[in-house]
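The values are calculated or read from the model by the stated rules, or taken from the named source; none is laboratory data. Note that the structure is a prediction, hence the values are computed from the model and not measured. Heads up, the Cβs are rebuilt from the backbone with ideal geometry, glycines too, and the neighbour counts pull from every protein chain shown.
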Amino acid sequence: MNMLASTLPPAPDRVLALAPVDMAIVALYFAAVIAIGFYLKRYTKTGEDFFLAGREMTAWVAGLSFLAANLGALELMGWAAAAYQYGILATHWYWIGAIPAMLFLGIVMMPFYYISKTHSVPGYLKLRFGEPSRALSAVSFAFMTVLMSGINMYSMALVMKVVLGWDINFSIWVSSLTVALYVGLGGLFSAIFNEVLQFVLIWLGALLIPILGLMETGGWNGMVARIGQNFPGQDYTHLWRTMGSFTDNPMGIHWTGIVLGLGWVISFGYWTTDFLVVQRVLAAKDLRSAKMAPIIGAGFKMMVPLIVILPGLLGLALLPMKLTGEAQAVATGGHSFNEVLPLMLARYCGPGLLGLGITALIAGFMSGMAGNVSAFATVWTYDIYKALFKKDASDAHYVTMGRWCTILGVMVSIGTAYLVMSFLSIMDYVQALFSFFIAPLFGTVVLGMLWKRATRAGGFWGLLTGTLSSIGMWAWVKLDPAAIRFIALSPNAKDMAENMYRALWSWIVCVTVTVVVSLLTRPTPERELNGLVYGCTEVPHDGDLPIYKRPAFWAVIVALVFVVLNVIFW
Amino acid sequence: MREGHGLVSIWFFVGLLLLAYGVLILGAGVYELYVPASRAVVLGELHVGIWWGALLVVLGYVYIHFYNPRRYRS
């Protein structure tokens, strides 16, 4: 779900120069995360400790970690760049593209994940639909996770080169080996501990920009007025008003694509079935904490635009130069969209604060990468190695395998980063590749949880055809660009819209095939669905808790704030 | 979490790091009062480093105080 910063070219001059105090702050951060890894190693003895942090996390820790694993550095810089380019429309990826799905995960889906005691999302598919579905989803997840991790690593190193003048190899190796060390030592325990720390640093490092930016512009209205002066005739500050037509907004997307493609399929697919984020919630200490964690995460997710989107809008209002796309930035020697956040940091932050801001970006990168490698290690160990190669080894053997997998995942990611460096066009395809698997997986999981008539054959063939149909649609548009009028319902649609609609169609294919095949095959006996499916599972209710402790109460509060925010910025 | 097993809370570590960062940033802000930085920043007259550093010191102290492992052992 992160907006990948596209390839950053070498800039003529670096944006920032760090003072000794800034370097000390960055160095202290590296020392702290490694020290936490060594400290936690002694508490990480069993597979449950290493892969699920002992299932002892409080709702707050699991919730903040759930969000931090998604809040990578490229998420910060990429969406700030998107806000400069598209205005407040980028906020859709934080609000309608996240909040309903996170609440749905907490209230509807979490009980089944948690009660089934699965170690992973592919593990749930094994329990519900059998080994072939697990194998398909585990292999695709493992492949995509290390690929995404490598691409994020390369993009981050490139940003550090442009912004700070750091050598790409230095950035890749130092940051990756640090992540490998602390995750390898303490597993998910260490990843979650550090993600909470990273979450706090990201906020404290990035929050100064919106505060000082709004002081400089004289508040929100002053900022809107300045954007109007700088870019007359363009609407950068309304969420929905320009969504009535593909041609009325710079994203080239219609509101149906945002609501059905992003808000329904892509968002629900990512937030409810991507093991990278779901793993954090599975580490919660009890069912109530597991339900509360995504709701807490949703509350903070709604505020993230404050440190990501608002700096992009402030860039539109305040920066003296006009930022451009990469190609133009290379040709003119100017700055690209992707540099808006570092430029705003440089605008306000002197020695010390600049180090904190850069630490926030590095922390974001590491939290995202730690999320990738810890999820990869779990899926590889439990859903591929244990399931397909060595079923009856000891718990200690699987922990050792998990530690080696962490190192292996980082090494493969580094290899991918260098591969991307040689074949930059990979960057253009990765978001599409990612979407091949997420939308159909959501169809399979949600039917598996909510429809007891779904059968093993239905689940497998639905997942397979949904994935293949997504790949087919993508290839069709690549071979014949005019086909976009069929996929995205308009010849004026752009890449973003194509992704949204392709996800929607592949989800529909998956659900249709699952339903048809299920109805044609023998139903699974209900006794085998206990703990896995709605209607066959006794979900503990929260009726005996005071209202302020009930997850549903807080979900309603978050949902109301979500609606109010959309109305305010309509 | 797991304090009962002797594991120090994550919030204690957060407090330690914030306190260290607060001292460094506050120190840099005070130093700038006497030796202005070579690179001027917008709204530099607010001396943001001083109050942001002070905020981090306070936050760090609060976390260290409330999540100090000694409180659980006593």
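Counted as qualifying within the stretch A:137-230 are the helices (runs of 4 or more DSSP H) with 3 or more residues that are away from every other protein chain (no Cβ under 14 Å), surrounded by fewer than 24 Cβ atoms within 10 Å (Cβ to Cβ) and hydroxyl-bearing (Ser, Thr, Tyr), namely A:168-206. Can you confirm whether residue A:450 is under 24 Å from residue A:66 (Cβ atoms), surrounded by fewer than 21 Cβ atoms within 10 Å (Cβ to Cβ) and not basic (Lys, Arg)? So residue A:450 passes the test. Pairing residues of the stretch B:11-27 that are within 19 Å of residue A:60 (Cα to Cα) and more than 10 Å from every other protein chain (Cβ to nearest Cβ) with residues that are of a type in the set (D, E, K, R) and surrounded by fewer than 19 Cβ atoms within 10 Å (Cβ to Cβ), at Cβ distances under 6 Å and at least 6 apart in sequence or on separate chains, gives no pairs at all. Evaluation of residue A:503 against the conditions (1) touching a Ser or Thr at 6+ places or on another chain (Cβ under 7 Å); (2) modelled with pLDDT under 90; (3) surrounded by fewer than 16 Cβ atoms within 10 Å (Cβ to Cβ) shows that the sole unmet condition is (3).
Taking the criterion of being farther than 10 Å from residue B:53 by Cα and of a type outside the set (Val, Ile, Thr), the residues of the stretch B:11-31 that qualify are B:11, B:12, B:13, B:15, B:16, B:17, B:31. Taking the condition modelled with pLDDT of 95 or more and of a type outside the set (Lys, Arg), does residue A:465 pass? Yes: the conditions hold for residue A:465. Please enumerate the residues belonging to the stretch A:104-121 that are of a type in the set (A, V, I, L, M, F, W, C) and surrounded by fewer than 24 Cβ atoms within 10 Å (Cβ to Cβ). Those that are of a type in the set (A, V, I, L, M, F, W, C) and surrounded by fewer than 24 Cβ atoms within 10 Å (Cβ to Cβ): A:104, A:107, A:108, A:112, A:115. Of all residues in the stretch A:240-291, none satisfies the criterion of being under 24 Å from residue A:90 (Cβ atoms) and within 14 Å of chain B (Cβ to nearest Cβ). Counted as qualifying within the stretch A:234-306 are the helices (runs of 4 or more DSSP H) with 3 or more residues that are among the charged types (D, E, K, R), namely A:287-301. Checking the structure you have, find out if any residue of the stretch A:320-341 is under 21 Å from residue A:161 (Cβ atoms), within 14 Å of another protein chain (Cβ to nearest Cβ) and either at pLDDT below 85 or within 24 Å of the chain's Cα centre (by Cα) (or both). Among the residues of the stretch A:320-341, not one is under 21 Å from residue A:161 (Cβ atoms), within 14 Å of another protein chain (Cβ to nearest Cβ) and either at pLDDT below 85 or within 24 Å of the chain's Cα centre (by Cα) (or both), which makes the answer no.
Within the stretch A:44-94, the set of residues being surrounded by fewer than 24 Cβ atoms within 10 Å (Cβ to Cβ), over 28 Å from residue A:150 (Cβ atoms), touching a helix residue (DSSP H, G or I) at 6+ places or on another chain (Cβ under 8 Å) and not hydroxyl-bearing (Ser, Thr, Tyr) comprises A:45, A:48, A:54, A:55, A:60, A:88. Filtering the stretch A:52-66 for residues that are in contact (Cβ under 8 Å) with a residue 12 or more places away in the chain, more than 12 Å from every other protein chain (Cβ to nearest Cβ) and more than 30 Å from residue A:313 (Cβ to Cβ) leaves a non-empty set. Residues that are among the aromatic types (Phe, Trp, Tyr) and under 23 Å from the mean Cα position of the chain (by Cα) were ranked within the stretch A:31-51; the one that is nearest to the other protein chains (Cβ to nearest Cβ) is A:50. Applying the condition of being within 29 Å of residue A:299 (Cβ to Cβ) and of a type in the set (Val, Ile, Thr) to the stretch A:23-43 and asking which residue is surrounded by the most Cβ atoms within 10 Å (Cβ to Cβ) yields A:25.
If a residue has to be in contact (Cβ under 8 Å) with a residue 40 or more places away in the chain and either in a helix (DSSP H, G or I) or under 17 Å from residue A:293 (Cα atoms) (or both) to count, how many in the stretch A:558-569 make the cut? Residues flagged as in contact (Cβ under 8 Å) with a residue 40 or more places away in the chain and either in a helix (DSSP H, G or I) or under 17 Å from residue A:293 (Cα atoms) (or both) within the stretch A:558-569 amount to 6.
Tell me, please, whether a residue that is touching an Asp or Glu at 6+ places or on another chain (Cβ under 6 Å), farther than 28 Å from residue A:109 by Cα and buried (at least 17 other Cβ atoms within 10 Å of the Cβ) can be found in the stretch A:488-497. For the stretch A:488-497, residues touching an Asp or Glu at 6+ places or on another chain (Cβ under 6 Å), farther than 28 Å from residue A:109 by Cα and buried (at least 17 other Cβ atoms within 10 Å of the Cβ): present.
Quick check on the stretch A:540-551. Is at least one of its residues touching a residue at least 12 places away in the same chain (Cβ under 8 Å) and of a type in the set (Val, Ile, Thr)? No, that holds for no residue. Counting only residues that are facing chain A (nearest Cβ under 9 Å), of a type in the set (Val, Ile, Thr) and either in a helix (DSSP H, G or I) or in contact with a Lys or Arg (Cβ under 6 Å, 6 or more places away or on another chain) (or both), the stretch B:28-50 holds 2 of them.
Contact annotation: residue pairs with Cβ atoms under 6 Å, 6 or more positions apart or on different chains, pairing a residue in the stretch A:277-288 that is in contact (Cβ under 8 Å) with a residue 12 or more places away in the chain and surrounded by 24 or more Cβ atoms within 10 Å (Cβ to Cβ) with a partner that is hydroxyl-bearing (Ser, Thr, Tyr) and assigned to a helix (DSSP H, G or I), are A:280/A:65. Scanning the stretch B:51-67 for residues that are at the interface with chain A (Cβ under 8 Å from one of its Cβ atoms) and touching a Gly at 6+ places or on another chain (Cβ under 6 Å) yields B:53, B:56.
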